[in-house]
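S.K.: Structure provided below as structure tokens; questions to follow.
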Amino acid sequence: MVFCLDRAGLTGPDGPTHHGVFDIVYLRLFPNFIVMAPGDELDIEPMLRFALQQKHPTALRYPKANLDRIPREVAPVCLGQAEVLRWGRDGALVAYGTTLASCWHAAETLRSQEGLDLAVINARFAKPLDRATILRAVQELPFVITVEEGTLEGGFGSAVLEAANADGLDTRNIHRLGIPDRFIEPGERGELLADLGLDTTGLIHTIRQLARQNLRLSATVSLGA
């Protein structure tokens, strides 16, 4: 059985109770359930074909909006495997679903303007999570930002925290961005994403803050040494 979840994420002017932001939480609780989301338009067809081949129930979420398209050679959809658009040394953006384009544009902007080398990961799966790829980022990079159009409580970022904790990793470098614990007012989707810091501008602001914190910490450690 394949659950195709329309209107996932922020749905614009439909009303504060009509945003599709709770599905990640309740679906990833069920054993043997596959929970995934396309990062962009190019993900949809291969992900749906993958879902139809599975023996377990599968959920696929997509927004009430046109998905962006990130030009690339799309990696095959394999169970529990993320797609690494680019690896970097200064931090990582791990996008689940519709936020991939904003993550990509933020990373490209900061790379060209400030020389920041950021990894961009299209998570694809909330369950099973690509522990190898994402936890490698947590171990190796100064900060990891998870970005989702879903609730922070129990959502994709929580799944990353749980996996890191289970592996005994230090999770202080994980920063989660998503929908806060309140009903979001109706409005144009782009305006709501901007208000929540989930658009490209908001992501750039968060990345700059974390990069500055990391530089201050590095300087303090060097002085202490």
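S.K.: Being surrounded by fewer than 18 Cβ atoms within 10 Å (Cβ to Cβ), farther than 20 Å from Ala59 by Cα and not charged (D, E, K, R) is true for just one of Ala137, Ala106, Ala166. Which residue is that? Spell out how you get there, then give the answer.
M.R.: Working: Ala137 fails: surrounded by fewer than 18 Cβ atoms within 10 Å (Cβ to Cβ); Ala106 fails: surrounded by fewer than 18 Cβ atoms within 10 Å (Cβ to Cβ).
Of Ala137, Ala106, Ala166, the one residue that is surrounded by fewer than 18 Cβ atoms within 10 Å (Cβ to Cβ), farther than 20 Å from Ala59 by Cα and not charged (D, E, K, R) is Ala166.
S.K.: If you don't mind, there's one more thing I want to ask. Does Gly39 qualify as being surrounded by 20 or more Cβ atoms within 10 Å (Cβ to Cβ), within 15 Å of Arg124 (Cβ to Cβ) and either within 18 Å of the chain's Cα centre (by Cα) or among the aliphatic types (A, V, I, L, M) (or both)? Reasoning before the result, please.
M.R.: On the way: surrounded by 20 or more Cβ atoms within 10 Å (Cβ to Cβ): yes; within 15 Å of Arg124 (Cβ to Cβ): yes; either within 18 Å of the chain's Cα centre (by Cα) or among the aliphatic types (A, V, I, L, M) (or both): yes.
So Gly39 fits the description; yes.
S.K.: Condition first: touching a strand residue (DSSP E or B) at 6+ places or on another chain (Cβ under 8 Å) and either surrounded by fewer than 23 Cβ atoms within 10 Å (Cβ to Cβ) or closer than 18 Å to Ala194 by Cα (or both). Now tell me which residues in region 10-33 satisfy that.
M.R.: Those that are touching a strand residue (DSSP E or B) at 6+ places or on another chain (Cβ under 8 Å) and either surrounded by fewer than 23 Cβ atoms within 10 Å (Cβ to Cβ) or closer than 18 Å to Ala194 by Cα (or both): Leu10, Thr11, His19, Gly20, Val21, Phe22, Asp23, Val25, Leu27, Arg28, Phe33.
S.K.: Here's a check for you: in region 42-62, which residue that is under 17 Å from the mean Cα position of the chain (by Cα) and under 16 Å from Asn122 (Cα atoms) is surrounded by the fewest Cβ atoms within 10 Å (Cβ to Cβ)?
M.R.: The first filter runs over region 42-62 and keeps only residues under 17 Å from the mean Cα position of the chain (by Cα), leaving 42-44, 47, 59-62.
In the following step, the residues that additionally are under 16 Å from Asn122 (Cα atoms) were identified as 42-44, 47, 60-62.
Working: Leu42: 17, Asp43: 26, Ile44: 14, Met47: 20, Leu60: 22, Arg61: 25, Tyr62: 22.
Applying the filter and picking the extreme gives Ile44.
S.K.: Just wondering, is there one or more residues in region 45-54 that are closer than 23 Å to Glu188 by Cβ and either at pLDDT 95 or above or not small (Gly, Ala, Ser) (or both)?
M.R.: No - not one qualifying residue is present in region 45-54.
S.K.: Pull out all pairs, ordered by first then second residue, where Cβ-Cβ is under 9 Å, the residues are six or more apart or on different chains, the first lies in region 134-154 and is without any contact (Cβ under 8 Å) to a residue 60 or more places away in the chain and under 17 Å from Glu83 (Cα atoms), and the second is of a type in the set (Asp, Glu) and surrounded by fewer than 19 Cβ atoms within 10 Å (Cβ to Cβ).
M.R.: Filtered contacts from region 134-154: Leu135/Asp167; Val138/Asp167; Val138/Asp170.
S.K.: Working only within region 26-43, note down all residues that are assigned to a strand (DSSP E or B) and more than 24 Å from Arg189 (Cβ to Cβ).
M.R.: Once the filter is applied, which keeps residues that are assigned to a strand (DSSP E or B) and more than 24 Å from Arg189 (Cβ to Cβ), region 26-43 yields only Ile34.
S.K.: When you look at Val160, is it without any contact (Cβ under 8 Å) to a residue 60 or more places away in the chain and crowded, with 21+ Cβ neighbours inside 10 Å, yes or no?
M.R.: No: the conditions fail for Val160.
S.K.: A further question follows. Can you tell me which residue is nearest to Ile34 (Cα to Cα) among those in region 70-87 that are in a loop (DSSP other than H, G, I, E, B) and within 16 Å of the chain's Cα centre (by Cα)?
M.R.: Residue satisfying both the conditions and the ranking: Gly80.
S.K.: Which of the residues that make up region 44-69 are more than 23 Å from Glu108 (Cα to Cα), part of a loop (DSSP other than H, G, I, E, B), touching a residue at least 12 places away in the same chain (Cβ under 8 Å) and of a type in the set (D, E, K, R)?
M.R.: Selection gives Lys64 alone.
S.K.: Also: Answer with yes or no whether Thr133 is closer than 19 Å to Ala8 by Cβ and of a type in the set (Ser, Thr, Tyr).
M.R.: No: the conditions fail for Thr133.
S.K.: What tally of residues in region 118-134 results from selecting those that are touching a Pro at 6+ places or on another chain (Cβ under 9 Å) and of a type in the set (A, V, I, L, M)?
M.R.: Just the residues of region 118-134 that are touching a Pro at 6+ places or on another chain (Cβ under 9 Å), to begin with: 122, 124.
Still in the running and of a type in the set (A, V, I, L, M): none.
Summing the residues that are touching a Pro at 6+ places or on another chain (Cβ under 9 Å) and of a type in the set (A, V, I, L, M) in region 118-134 gives 0.
S.K.: When the residues of region 169-190 are filtered to those that are surrounded by fewer than 14 Cβ atoms within 10 Å (Cβ to Cβ) and under 18 Å from Ala8 (Cβ atoms), which remaining residue is nearest to the chain's Cα centre (by Cα)?
M.R.: Step by step, filter region 169-190, then rank; the result is Pro180.
The values are calculated or read from the model by the stated rules, or taken from the named source; none is laboratory data. Treat the numbers as computed from the prediction; the structure is a model and nothing was measured. Cβ sites come from the backbone with ideal geometry, for glycine too, and all protein chains shown count toward neighbours.
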